[in-house]
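The values are calculated or read from the model by the stated rules, or taken from the named source; none is laboratory data. Given the structure is predicted, the values throughout are model-derived calculations rather than measurements. FYI the Cβ positions are ideal-geometry reconstructions off the backbone, even for glycines, and counts take in every protein chain you see. Heavy atoms of the whole protein, side chains included, go into the accessibility calculation; ligands, DNA and RNA do not. Shrake-Rupley method; radii C 1.70, N 1.55, O 1.52, S 1.80 Å.
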Amino acid sequence: MNEIAQWSDLFQHSVNTFFSKIIISLPRVLGAAVILLLGWLLAKLISKAIQRVLKALKFNKLAEKIKAQDFLERANIKSSPSQLIGRFAYWILILLVIIIAADTLGWTAISEEISRLIAYLPQLLAAVVFFIVGVYIATFVRDVITGATRTLGISAGKVISSFVFYLLLILVALTALEQAGIDTSIITSNLIIIIGSIMAAAAISYGFASRTVLSNILGSFFGRKTFRMGQKIEIDGQQGTIVAMTNVSVTIRLNEKEKLVVPARELIAKQIKILE
């Protein structure tokens, strides 16, 4: 019976302690709820006010001039720039309200972590702004190169402008990540290796592809010292008169109806008989 009485007293003491703690913490809970409710209403009002002020200042039209709206559409963001700024302010205020509510409840760990997040947001915002401006500049440079190469008649202008654009985009992205506090050393080293490999492969392939053209150019350069227009020669058993010499070929008139086009490298690679 004594043991039952002890267990009964222990249970009663636990229940009394539980309810006493609830009664003590109830004002804090109610206060935190009121803070959250009022803070939410205040954040909504301030967000709407910011959006209206930005619209009155024609902020969206200014964003259209720098093509910020096009960038948002490409990112599948349907909100206008003023709405984005209003929502950003809304969530900043909500986080501040949560910090106050957490401090009211004594949840210091939560308030400290959210405070660190808020302190990091300006750095993140600066990185996002830098990335947007960098993409705009890279797009402008690409358009300038495309227009210039089109005017000069360079057929590979689109390829060159695209290469420059993506190179600038990579540099902008890496710089934005560093601004956001992210270590990009591994990414940078890997990108350097990849870009170096691509350029080396392109140089080697271009060298193999252009070796015939280069040999013809060299043949034409050295051949002009020996051969000239109007000279009669014999090559591979065919006789004719040189009527044209370019950087890559030599045209020989065999007769009134036939002409023979010979690669310029043949002028130094083969035995040619000069008849006149």
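Couple of notes before you dig in:
- Each peptide among 115-122, 29-36 gets the average number of other Cβ atoms lying within 10 Å of its residues, and from highest to lowest they stand as 29-36, 115-122.
- Protection proxy ranking, peptides 238-246, 222-230, average beta carbon neighbours within 10 Å, highest first: 238-246, 222-230
- Built amide H within the under 5 Å cut-off of V250, gap 5+: V262, A264
- Database remark: amide H of Q231 closer than 5 angstrom to the amide H of I242 (H placed geometrically; neighbours at sequence offset of 5 or more, or on other chains; Pro and chain starts carry no H).
- Rounded to the nearest 20 debye, the dipole size of the stretch 78-154 about its Cα centre is 440 debye, using +1 on the Cβ of Lys and Arg and -1 on the Cβ of Asp and Glu.
- Annotation for the stretch 235-276 versus the stretch 29-61: alpha-carbon center distance of 85 Å.
- Reachable lysines, given that their alpha-carbon falls under 27 Å from the alpha-carbon of K61 and they are not under 8 places away in the same chain: K44, K48, K78
- Residue order for W91, W40 - accessible surface, 1.4 angstrom probe, largest first: W91, W40
- The residues packed around Y90, meaning those with a beta-carbon under 11 Å from its beta-carbon, carry a net charge of +3 if Lys and Arg are +1 and Asp and Glu are -1.
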